[in-house]
Amino acid sequence: APVALVIHGGSWNAMDKTSITPLAILIAECGYAVFNINYRLLDDAPWPACGDDCIAAANFLLQAVHPVIKQLDHSKIVVAGASAGGHLALWTGLHLPPENVRAIISIAGPADLNYQSKNQVMQAEKWKKFFGTDEVTYEMLASASPANYVKPGAPPLLCIHSTNDK
C-alpha cells in the first residue's frame, strides 16, 4: 500500500489527530496506509516546531525506520491536512525532495501568511503567538508561507477551499 501522512488542524494550537480521523479514514479507504500524527502545539513551542515535527514524521515514513513501514510503498508519500494541518501539509510536502512526494492535499490551509497578515485574517496577536515573539517580520511570515516554496517540479498540489473560508 502507498503511504499517506495526515496532519490535523486547530490553529496550530488546538485539537489533535482524532479531529481529522474522517479524512484519515477516507484516504485509507482509497487503499493508503495512513499515519495520522500529532505535532507540538504553539503553547508548547512556537513556529517552526510544528513544521519540524511534520518533517520528522515524513522522514520517519520515507526512511522506513519501523519494520512495518518497510512492507509499504514508502518511496513516495501523500501529505494531507486541513486548516492549520493544510498549511503544514503544504509546508512539509514542499520541503521534502519532490521525488519523495506523491501529492499534497490542503483543505482550507493558509498558503501565504503575508497575504493573510495584510488582510487581517489573523490578528497580530495570533502571529506573535505563532512565532513566539512580539517582533513579527515580513521575512518570518514569508519563511513560514508554503506559497513561497512552490516551484517548477513541485509535487502535485490539491488545495480545496470553500466560500466560508477566511
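The values are calculated or read from the model by the stated rules, or taken from the named source; none is laboratory data. Here the structure is a predicted model, which is why all the values come from computation and not from measurement. As a convention, Cβ positions derive from the backbone with ideal geometry for all residues, glycine included, and neighbour counts pool all protein chains shown. Note: accessible area is taken over every heavy atom of the protein model, side chains too, but ligands, DNA and RNA are not part of it. Shrake-Rupley method; radii C 1.70, N 1.55, O 1.52, S 1.80 Å.
List of remarks:
- Residue 91 being among the aromatic types (Phe, Trp, Tyr), under 22 Å from residue 6 (Cβ atoms) and buried (at least 18 other Cβ atoms within 10 Å of the Cβ): yes
- Residue match in the range 46-61 (condition: open to solvent by less than 40 Å² (accessible area, probe 1.4 Å), over 23 Å from residue 24 (Cβ atoms), modelled with pLDDT of 95 or more and among the hydrophobic types (A, V, I, L, M, F, W, C)): yes
- In the range 143-166, residue least open to solvent (accessible area, probe 1.4 Å) [restricted to those that are at pLDDT below 95 and more than 14 Å from residue 86 (Cβ to Cβ)]: 164
- Identity of the residue in the range 3-51, among the hydroxyl-bearing types (Ser, Thr, Tyr) and closer than 14 Å to residue 88 by Cα, that ends up farthest from the chain's Cα centre (by Cα): 11
- Residue ID - surrounded by the fewest Cβ atoms within 10 Å (Cβ to Cβ), chosen from residues in the range 1-19 that are over 21 Å from residue 62 (Cβ atoms) and out of contact with any Ser or Thr (no Cβ under 8 Å at 6 or more places or on another chain): 18
- Residue satisfying condition, being closer than 20 Å to residue 133 by Cα and free of Cβ contacts under 8 Å to residues at least 40 places away in the same chain, within set 24, 49, 64: 49
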